[in-house]
Structure formats: structure tokens, C-alpha cells
Amino acid sequence: MKLTLPYNSKMNSTDFIYGVATASFQIEGGIEQRLPCIWDTFCSLENTIVDGSNGDVACDHYHKWPQDIEMIESLGVDAYRLSISWGRVVNEDGSINAAGIAFYIALLDKLVEKKIKSFVTLYHWDLPQHLEDKGGWLNRETAYEFQKYTEIVIKAFGNRVHSYATLNEPFCSAYLGYEIGIHAPGIKGKEFGKKAAHHLLLAHGLAMQSLKKLSPNTLNGIVLNFSPSYPASENPADIAATQFADDYFNQWYIKPIFDAQYPEILSQLPLSQHPDIIAGDMDIIAESVDFLGINYYTRAIYQADENEIFAQITLKDVALTDMGWEIYPSGFSDLLISLHAKYTLPPIYITENGAAMPDSIKDGKVEDAHRVAYYQSHLNAVNTAIESGVDIRGYFAWSLMDNFEWAEGYLKRFGIVYVDYQSQERTIKASGYAYRDLINQRKNNNNNNLLNS
């Protein structure tokens, strides 16, 4: 099972960064060494996590990080995308948790030693519970608390970090967490989603100001997720519904950053659903970024709906991942090309792309051919976008290893490394070896080119 790209692809250059990605709550465990977060609380509630599990141990990365970095090195990647647990580095009174800082510094130092670039996400959904108790992302003050936390991290980590992303997927935090309530903190109400989104974006802008001041030499930006929107038919009503849905779910988070305004559909929403915007907010949110991280998994199809403006539909007889998501690689290139046309963007990094598949381990091997096929089609979709003129500088596979998949618990496996949660043993899957070979082949080709020049 191999991954291949066209010979002349820019993705075959050693200048193109290949990496793997994880997130703190999903892999770390080490719950005793940090403050409780909203996901700890959410996991403790009934009927929130499909398998009734939690992140108390997860992949026990808190204790197994040295061997995990050896494993990352063995995959040949250029970069590792990780997130920082806010409640591991800052105490409730705002003081620094020295042990938590030391944990990350040791990890970052090892990455530097291995010549693996660290792409650090400052917020991947694990808000300290004490801040949620004061309103969480519905409280404007949380944005300023995030800026303080950002400055603590920047000063502590010094020159060990290659890149900082302020937030991972603010859509998920705002919509899934505060509007439909299927993610932590589990709040439901259309009047809450856009308010939370605004404070998240404000937090991003404030953190960008601090990053520019205190860490001007790192690559600083944000990670947004997109599910490109397609109409169910050529019916004008379906097309209009799809445009509304695209603005509501996708453009809502990118347009303020690059155009300093929300989509025009804001005027169509009831006042109760409007964000609380204060003069100057949109300029803060639109602080320039060095890169845009894009996460892509699948597309969304919409039709007009009498009650709700739009309704998402699912197609029958299409290939699906274990999450029930349609496998649609051309949606990836469509997305990248459309964003490039719509906005003046900085360089793009694909910060997450991958698939959950029903993996099983046999004779010490995981032959995940469906995942290899997913990566093959999606890596080539990225290449198609690059050939169309989109400036894409890197690609991160989601995920390094199987982990706590949020509301799905441990039932869905996204890793290119298999994790046995009983023994904590890691086994590189066929997809992991295929990814390694793609990366190493590129290095070998570049070396050959140098030798022949």
C-alpha cells in the first residue's frame, strides 16, 4: 500500500512540511497534574459520550511522551502539531503551574533535538472549568484571560516553537458546544452560538496581538475547519439555502479575520442571536496572520427547509468513513480553490485531514487499506489546489495515533498508529508506513537531485 503524488508535484519538495497532529485532552491523560476542564465535566454527565468514557488516561501521553516522540521521529515527519492544556500551565489564580510548563518544555526540547518543528495550538477545546463557571465563551472576559494565558506560554517556551495557532476550529467550540450542545460544555440555544463565536474570535485577535509583540519570529495564525457546501439540486431555493448554510457554518469564522466583518446573513438573524460586538472588536479580530490552518474531512449537502431556512441531507450509496462522513476528496480541492478566490490569504497549512476507519489488529499488524486510499485521494486533492495556484506549504495527518474522539469516546480510530487502550501499546498501521515512505521518498529524491545537479 503506497501513497504517490505526481512526480513534479511541489509536495515532493523537502520545502513542503509533512506532519502529524494531536490534541492535549485527546491523548495526554495526566488528569491529576492539571485543573479540571469543560470536557472532564461533560464526560461525567450522563448520555454525553457514546461509550461513557473520559480523558482521565486517554493515551497516557503525559507519561509516555518520550517514546511517542521516538515514534514520531520514526515516521520521518518534519513537524508535530500538538496543543497545550490551558489548565496544565496556568493555575486558577492566574499563577504559573511550573510542573506543567516543565512537561511541555521537556517535550519541545526533545522535538528541537530531533529537528522536528513544533506547531503549537494554544486552544483545542479544553477550557478550564473555573472559567466556564463564570460563563465560559459566553463571557467576554474569557477572551482576555486567553490573552494572559497566551503570554505566559510564549514567555515560557521561548524560541522552542516553530508556529503558534491561537484556536483550533472555533466553529466546533461555538456551535457544537454552545448552540446544539453535543460537545462541552453542552449548552443549547441559538441565542448562544454566535455570542460564543464572537468571544472566541476576539480571543484569537487579542492573542495575535500578543504573539506579534512577544513572538514575532514564529509563524502565527489560526486553524479553521470547513465542510464545503453543495446544493441538493439546481433548484434556486436549494442554492439559496446552501449559500446561507455556508455563511452560517464556514464563512462566519473566516470572513471576520480577513474582511473584518461577519457575513451579510447577520442582518437576517433575530437580534437575540446576534453577537455582542463592541466598537473596535472587528479590527482586533482582523489582526493579520502569518498563516491559515485548514482542517477538512468531508462536505455538506443542503436543501431548502420550510422551518429552518436550510436542512442538511445525506446521500445514499456513497463511500463513508467510520464516522459516517462521505469520502469526497474533490470537495477538498474545491474548498481550497474557492477560499483562495474569495479572500486574500496568507500561506495555507492543511492542519488536519484524515479518516476514522474500523481498524483491527491481526498478527501485530493493522492493514488499513481504506485509510491509505483516503490519504491517497486527499493528498492529491491538495496537489490539485496547489496546481491551481493556491499557496499551500504543509500537510498534517489527523491523527498521529488513535485517541479520545470527543463525544464518540474511544470507539472511532483516526490514528495512523493503533493504540491498545488496555496495554497502551502503539502499533504503526499500514497508513503510517505509507505516510513515512511518501515523506522519505521525497527526501531521497531531493538528495538524488542534489547529487545529479
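Things worth noting here:
- Just one residue in the set L211, L206, L219 is at pLDDT 95 or above, under 19 Å from the mean Cα position of the chain (by Cα) and within 27 Å of P346 (Cβ to Cβ); that residue is L219.
- Subset of segment 407-434 (residues that are more than 19 Å from the chain's Cα centre (by Cα) and of a type in the set (F, W, Y)): Y418, Y421, Y433
- Evaluating P256 against the criteria (1) part of a strand (DSSP E or B); (2) surrounded by 21 or more Cβ atoms within 10 Å (Cβ to Cβ) leaves one unmet condition, (1).
- For segment 1-14, the criterion of being surrounded by fewer than 17 Cβ atoms within 10 Å (Cβ to Cβ), part of a helix (DSSP H, G or I) and not polar (S, T, N, Q) is satisfied by at least one residue.
- Answer residue from segment 44-53, given it is touching a residue at least 24 places away in the same chain (Cβ under 8 Å) and either out of contact with any Asp or Glu (no Cβ under 6 Å at 6 or more places or on another chain) or basic (K, R) (or both) and is nearest to A99 (Cα to Cα) among those: S53
- None of N225, N217, N235 is out of contact with any helix residue (DSSP H, G or I) (no Cβ under 7 Å at 6 or more places or on another chain), farther than 27 Å from E306 by Cβ and in contact (Cβ under 8 Å) with a residue 40 or more places away in the chain except N217.
- Unique match (being buried (at least 23 other Cβ atoms within 10 Å of the Cβ) and polar (S, T, N, Q)) among S85, S44: S85
- Some residue of segment 332-347 being of a type outside the set (F, W, Y) and over 24 Å from the mean Cα position of the chain (by Cα): no
- Residue within segment 309-316 that is without any contact (Cβ under 8 Å) to a residue 24 or more places away in the chain and either loosely packed, with under 11 Cβ neighbours inside 10 Å or among the hydrophobic types (A, V, I, L, M, F, W, C) (or both) present: yes
- Scanning segment 141-173 for residues that are of a type in the set (S, T, Y), touching a helix residue (DSSP H, G or I) at 6+ places or on another chain (Cβ under 9 Å) and buried (at least 19 other Cβ atoms within 10 Å of the Cβ) returns T142, Y149, T150, Y164, T166, S173.
- Filter result for the condition that a residue is within 16 Å of the chain's Cα centre (by Cα) and within 21 Å of Y18 (Cα to Cα), over F396, F404: F396
- Unique residue being under 19 Å from the mean Cα position of the chain (by Cα) and basic (K, R) when the list is R81, R140, R88: R81
- Among the residues making up segment 34-78, those that are among the charged types (D, E, K, R) and over 14 Å from L111 (Cβ atoms) are R34, D40, E46, D51, D56, D60, K64.
- Matching residues, segment 12-33, being of a type in the set (D, E, K, R) and under 22 Å from L107 (Cα atoms): E28, E32
- Selected residue (criterion: surrounded by the most Cβ atoms within 10 Å (Cβ to Cβ)) from residues of segment 263-297 that are assigned to a loop (DSSP other than H, G, I, E, B) and among the small types (G, A, S): A286
- Looking only at segment 24-39, and only at residues there that are surrounded by 24 or more Cβ atoms within 10 Å (Cβ to Cβ) and outside any helix (DSSP H, G or I), the one that is farthest from the chain's Cα centre (by Cα): R34
- For M323, the stated conditions hold: it is of a type outside the set (G, A, S) and over 22 Å from I222 (Cβ atoms).
- For the residues A356, A385, A397, the requirement of being in contact (Cβ under 8 Å) with a residue 24 or more places away in the chain, surrounded by 21 or more Cβ atoms within 10 Å (Cβ to Cβ) and part of a loop (DSSP other than H, G, I, E, B) singles out A356.
- For segment 273-295, a residue qualifies if it is touching a strand residue (DSSP E or B) at 6+ places or on another chain (Cβ under 7 Å) and either closer than 23 Å to K194 by Cβ or polar (S, T, N, Q) (or both), and the qualifying residues are V289, L292, G293, I294, N295.
The values are calculated or read from the model by the stated rules, or taken from the named source; none is laboratory data. From a predicted model like this one, the values you see are computed outputs, not experimental measurements. For neighbour counting, all protein chains shown are included, and Cβ atoms are generated from backbone atoms with ideal geometry for every residue, glycine included.
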